[in-house]
Amino acid sequence: MPRCLIAGNWKMNGSLKDSQALALAIAKGAQILPKVEVVIIPPFPYLAPLKSSLVDSHVKLGAQNLYLGEKGAFTGEVSGPMLKDVGCHYVLVGHSERRTLFKEDHVLVAEKCKAALEVELIPILCVGESAYERENNQTQTVIASQLEAVIKRVGIKHFNHIVIAYEPIWAIGTGINATQEQADAVHAFIRRYLMQNGVDLAATMRILYGGSMKAENAASLLSMPNVNGGLIGAASLQAESFLKICATAEEAITP
Ligand code: PGA
C-alpha cells in the first residue's frame with residue numbers, strides 16, 4: 001500500500017497572517033497523524049514564510065505551478081530550482097484551472113512535469129474530464145491522452161516519481177463529488193493504463209482524488225482500494241475541516 005497523501009490546494013486565497021495561522025494549526029494537528037503525509041500548497045509569496053512556520057513539523061510544502069528551466073527572461077514565472085530553494089517537495093502540474101484559464105496544453109503540462117522531476121520536485125499531475133466529456137463516455141479517452149503526453153516527454157522510467165490526482169472538472173468547487181465507485185473506477189483505469197504502457201510501479205503509485213472532497217465524504221472516498229489520498233481545495237482553507245480529512249486518512253491506513 002502506498003503512503004496516503006492529503007494535500008491542501010489553497011489556490012489564490014488568504015493573507016500572510018491567515019496563512020501563517022492556518023499552517024501552524026495544521027502543523028499542530030498533524031503531530032498526532034504520523035501515518036498520513038500532509039502537504040500544504042499555498043500561493044507563491046507565502047511559501048518561504050510558511051517554511052519557517054513548518055520547522056519541526058512533518059507537514060510538507062508544495063507549490064501551485066512552475067515554469068520550465070532554471071532562470072531567464074520569463075517575467076512573472078517561477079522556476080523549479082526556486083521552489084526547491086524555499087523548501088518545496090511537491091508542485092501541482094496540469095490543474096484544470098491552469099489548463100482552462102491559462103491555456104496550458106498537454107505538451108506544456110508534460111514539459112512542466114519534466115522540469116519538476118529534473119530538480120527532484122514531485123509533480124502532482126492533475127488529470128480529469130469535463131461534465132460534457134463524461135456524459136459522452138469520453139472520460140477514459142481524455143485521461144489517456146493527458147497521461148500519454150506526459151509519458152512521452154517524461155519517459156516511463158521517471159513516471160514512477162509522479163503523484164497523480166484525478167480531478168473531474170465537474171466536481172471541482174461545485175460541491176458535487178464523484179461517488180466512491182466513480183472515483184475508484186477512474187483510478188483503476190489510470191493504473192491499468194500506466195501498467196499497459198510499461199510503468200512498472202503503477203500498482204503502487206499514489207493516485208489522489210480531488211473535487212469537492214470534504215470531511216463528510218472523505219471516509220467513503222478514501223476507503224476505496226485505488227484511492228490513495230486527496231487533493232483538497234475549499235475544505236483545506238480551514239484547519240478543522242482539513243485536519244478532519246487528514247484524520248480520516250490516518251484511520252483508513254492499516255498499520
Ligand atoms: P475543491 O478543489 O476541493 O474546492 O473542489 C479541488 C482542487 O481544485 O484541487
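All of the numbers you see were taken from the coordinates with simple rules; none came from a lab. Keep in mind it's a predicted model, so treat the numbers as computed, not measured. Every residue, glycine among them, receives a Cβ derived from its backbone with ideal geometry; neighbour counts consider all protein chains shown.
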Which listed pairs, of Lys28/Lys114; Lys51/Lys152; Lys103/Lys152; Lys17/Lys157, have C-alpha distances above 31 Å, in listed order:
Lys28/Lys114; Lys51/Lys152; Lys17/Lys157
Determine the sum of side-chain charges near Cys88: Lys and Arg each +1, Asp and Glu each -1, restricted to other residues whose C-beta is under 10 angstrom from that of Cys88.
+2
Highest GNM mean-square fluctuation, the chain, Cα pairs closer than 10 Å: which of Tyr193, Tyr90, Tyr166?
Tyr193
Using amide H atoms built 1.01 Å from N in the peptide plane, name the residues 5+ places from Lys60, or on other chains, whose amide H lies under 5 Å from its own.
Val38, Val39, Ile40
Determine, for each peptide in 99-107, 37-45, 156-164, the mean count of other beta carbons within 10 angstrom over its residues, then list the peptides with the highest first.
37-45, 156-164, 99-107
Exposure proxy check on Val55, Val127: fewest-to-most Cβ neighbours within 10 Å is Val55, Val127
Count charges around Glu37 for me, please; just the other residues with Cβ under 13 Å from its Cβ, Lys/Arg as +1, Asp/Glu as -1.
+3
Taking placed amide H atoms and a strict 5 Å upper bound, the residues 5 or more places from Ile232 or on another chain that come that close are Ala7, Gly8, Asn9
Calculate I(q)/I(0) for the stretch 165-255 by the Debye formula, one identical point scatterer on each C-alpha and no solvent, and give its log10 at q = 0.15, 0.18, 0.24, 0.26 Å⁻¹ to two decimals.
-0.54, -0.75, -1.18, -1.31
P(r) of the stretch 81-175 over all Cα-Cα pairs, 5 Å bins starting at 0, rounded to whole percent, reads 3, 14, 23, 24, 18, 11, 5, 2, 0
Cross-link partners of Lys35 among aspartates and glutamates (Cα-Cα below 15 Å; sequence separation of 8 or more within a chain):
Glu250, Glu251
